[in-house]
Amino acid sequence: MARGIRFSSDPAELDRARVHAWLSEDAYWALGRPREVQDAAIEGSRNYGAYDEATGAQLGYARVVTDGVTFAWLCDVIVGPEARGRGVGVGLVEFVLADLDPLGLKRIALATGDAHGLYERFGFEPLSNPEQWMVRGVNAVERTP
């Protein structure tokens, strides 16, 4: 894992204002997301943070929506602009997957418009039968810059 960075799954440690700013202002999939929507998403999910060991400042965030038994959706993975290039994203995804491993989930899904290389390192691959999958609502990945 990245040096000088601490990872946690304790939602009480989250800097919710910072997470909301990152997502609503910088994340193509969540631009304009209202704070109350983000807070509700946090409440309904497993949450993960990356923190600077020296200052305690939050550096990254990820959340997982899961039934805890068969399926999980990894989403809202983001690293603050000031912390990019330090291995925060890699360490965060590694921490999340290590936390989920004991659950024995059959499938963990995610959608990304620009970070395929990161997730491939952890065994994620394109859907083998995408014609079997469907979505209802806005497909945010199609709105990449």
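The values are calculated or read from the model by the stated rules, or taken from the named source; none is laboratory data. Note that this is a predicted model, so its numbers are computed, not measured. So basically every Cβ, Gly included, is an ideal-geometry build from the backbone, and we count neighbours across all protein chains shown. Note: areas computed on protein heavy atoms with side chains; ligands, DNA, RNA excluded. Shrake-Rupley method; radii C 1.70, N 1.55, O 1.52, S 1.80 Å.
Which one of Ala21, Ala17, Ala12, Ala41 is within 14 Å of Val77 (Cβ to Cβ) and out of contact with any Pro (no Cβ under 9 Å at 6 or more places or on another chain)?
After ruling out the rest, the residue left standing is Ala41.
Within segment 90-140, track down each residue that is under 30 Å from Arg3 (Cβ atoms), of a type outside the set (A, V, I, L, M, F, W, C) and without any contact (Cβ under 8 Å) to a residue 24 or more places away in the chain.
Of everything in segment 90-140, those that are under 30 Å from Arg3 (Cβ atoms), of a type outside the set (A, V, I, L, M, F, W, C) and without any contact (Cβ under 8 Å) to a residue 24 or more places away in the chain turn out to be Asp101, Pro102, His116, Gly117, Glu120, Gly123, Glu125.
For segment 30-83, which residues satisfy the criterion of being of a type in the set (Asp, Glu) and touching a Phe, Trp or Tyr at 6+ places or on another chain (Cβ under 9 Å)?
Of everything in segment 30-83, just one residue is of a type in the set (Asp, Glu) and touching a Phe, Trp or Tyr at 6+ places or on another chain (Cβ under 9 Å), namely Asp76.
Tell me, which residue of segment 6-20 that is out of contact with any helix residue (DSSP H, G or I) (no Cβ under 6 Å at 6 or more places or on another chain) and open to solvent by less than 40 Å² (accessible area, probe 1.4 Å) is nearest to Val93 (Cα to Cα)?
Checked segment 6-20; the qualifying residue nearest to Val93 (Cα to Cα) is Ser8.
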